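Input: a single structure, listed below in structure tokens.
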Amino acid sequence: MDQVTVSTKAVKSPWGTQNVTAPPCSLADVMSEQLAKQIQEESSCFTTCPELSENLDLTTLPKDNDTSSDLMLAQMLQMEFDREFDTQLRREEKKFNGDSKVSISFENYRMVHPFEDSDSSEDEVDWQDTRHDPYRLEKPTTTPKKGFIGKGKNITTKHDEVVCGRKNTARMDNFAPEVHVGDGIGMDLKLSNHVYNALKRHCHTEQRRSARLHEKKEHSTAEQAVDSKTRILMYKMVNMGILENINGCISTGKESVVFHALGGSFEEMIVPEECALKVFKTTLNEFKNREEYIKDDYRFKDRFSKLNPRKIIRLWAEKEMHNLTRMKKAGIPCPEVIVLKKHILVMSFIGRDQVPAPKLKEAMLSSEDIKKAYYQVVQMMQQLFKECNLVHADLSEYNMLWHDGQVWLIDVSQSVEPTHPHGLEFLFRDCRNVATFFQKAGVAEAMSMYELFNTVSGLQISSESEADFLAQIETMEKMNEDHVQRRSKKVFTTCDGPPLLSDDDDD
Ligand code: ATP
Ligand code: MN
């Protein structure tokens with residue numbers, strides 16, 4: 001700062017030279033950002049001019065061209081000063097050596113960068129000149145066989161400190177992309193072998209460390225959220241325009257991770273403004289739990305045996321799609337399927353402004369609303385059974401959402417047809433959950449689980465005890481089994497759903 005004030009004051013001074021062109025200005029002006037910018041523009045050769053940049057201390061220089069920093073200004077002025085010093089030094093060196101065949105170098109007197117110590121341990125450096133093409137470092141120009149270039153006193157060997165330093169600087173570009181080497185590469189900065197090797201060692205350790213961290217992260221996202229393959233599929237959906245953007249995760253459940261997304265537009269497809277992405281988990285132990293549902297579902301029986309676990313997970317997603325489609329057709333409030341891609345199901349979002357509708361468990365309904373909800377649930381269960389030919393099989397206050405004054409059914413990937421070998425048992429379990437919940441919620445009209453079962457199924461099972469009731473159910477299931485076996489292949493079609501995105505990159 002002082003130097004600027006001094007130089008501007010010099011105009012008024014009796015010793016000031018007449019050819020100073022810079023107009024006088026106040027200290028405030030000097031401090032001003034505008035002036036700083038101007039100075040910087042005038043000295044825009046900083047990054048290309050070797051004399052200027054070689055003395056630049058990269059450890060303190062701000063990365064961007066932030067001219068508001070006093071430090072920056074000071075450094076620029078220091079560089080200006082150093083440049084002049086070095087130019088003068090070079091002139092003196094030239095004068096000293098004259099035409100003599102033996103020349104003395106003044107190099108040691110130049111303004112040296114603190115990093116530029118003169119240690120020349122060469123052991124770890126491979127000598128590749130990459131300075132002129134930093135973007136093609138793999139194919140550098142080879143060092144001439146003779147080991148030196150130039151003639152007479154201008155001879156430069158591969159061990160020349162300046163050449164080595166520059167090579168080392170250019171080699172910094174070989175460091176991993178996450179290593180910030182600053183502007184060093186663009187400048188004529190000379191890194192000694194010692195410094196270069198230390199930096200390289202540091203980068204390698206850092207890389208290994210971050211690889212370990214990354215591995216951990218990758219692992220945890222695969223567990224809690226999604227793996228990299230799934231992420232790619234999700235990006236693809238955004239790229240195709242089906243989704244405009246995928247937001248945060250709404251839920252990480254036992255079997256899936258659900259995301260909120262903003263709908264885009266894709267060909268004729270009507271994509272709602274808000275979407276939910278259900279990503280089915282692809283871990284094997286989860287899949288084991290689902291096996292009983294899908295293995296015995298005659299709709300999927302033939303396909304099941306031929307598939308690998310990953311494809312079975314997709315089948316699971318497909319199952320949810322088909323079931324939702326059936327429900328929608330019957331007019332049951334449920335998410336509308338938009339598209340299915342492998343194990344990712346895109347459906348309409350139940351909720352508003354990224355906030356998912358509360359589960360019945362959390363909805364805190366008034367006594368009037370809870371009663372309304374109860375009657376609606378009973379009606380939906382009947383519809384599901386009779387019109388959709390489905391049993392939810394995981395129906396509870398956790399899989400029913402309260403939205404727009406009504407109950408919405410979700411999570412139907414495990415839903416089966418009533419003729420599933422365990423279909424009626426599943427229905428009974430659903431009835432027990434529903435009856436218990438609404439009774440506890442104070443709905444006096446709520447039927448007992450037995451009554452509810454008979455109402456939904458249209459069966460007339462009568463029994464005093466739960467064990468006996470279940471025994472009767474199981475007998476019925478066994479009777480059904482033969483019948484189901486006989487009609488298996490005829491009934492099921494996979495075409496009752498919305499589009500399946502082509503599995504182009506199937507593995
Ligand atoms: P859980 O093991 O918790 O039952 P899950 O793997 O069976 O989870 P779902 O029940 O389908 O998956 O979804 C988990 C949660 O995500 C739901 O409880 C609900 O809060 C939310 N959710 C799922 N689908 C939607 C949707 N279409 N709109 C809004 N929220 C949804
Ligand atoms: Mn659920």
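Quick note: the coordinates plus some simple rules give every number you see, no bench work behind them. Because the structure is predicted, anything quoted here is derived from the model rather than measured. Don't worry about glycine lacking a Cβ; one is built from the backbone with ideal geometry, like all the others, and counts go over all protein chains shown.
Sorted on the mean count of surrounding Cβ atoms within 10 Å across their residues, most packed first, peptides 251-257, 421-427 read 421-427, 251-257. Only Cα pairs under 8 Å and 6+ residues apart enter the sum, and on that basis the relative contact order of region 231-287 stands at 28 percent. Per-residue packing, averaged as other Cβ atoms within 10 Å, sorts the ranges 406-414, 93-101 into the order 406-414, 93-101, beginning with the highest.
Taking Lys and Arg as +1 and Asp and Glu as -1, the other residues whose beta-carbon sits under 13 Å from that of Ser265 total -4. Semi-axes of the equivalent ellipsoid of region 382-493 are 25, 19, 10 Å, computed as sqrt(5λ) over the eigenvalues of the C-alpha gyration tensor in descending order.
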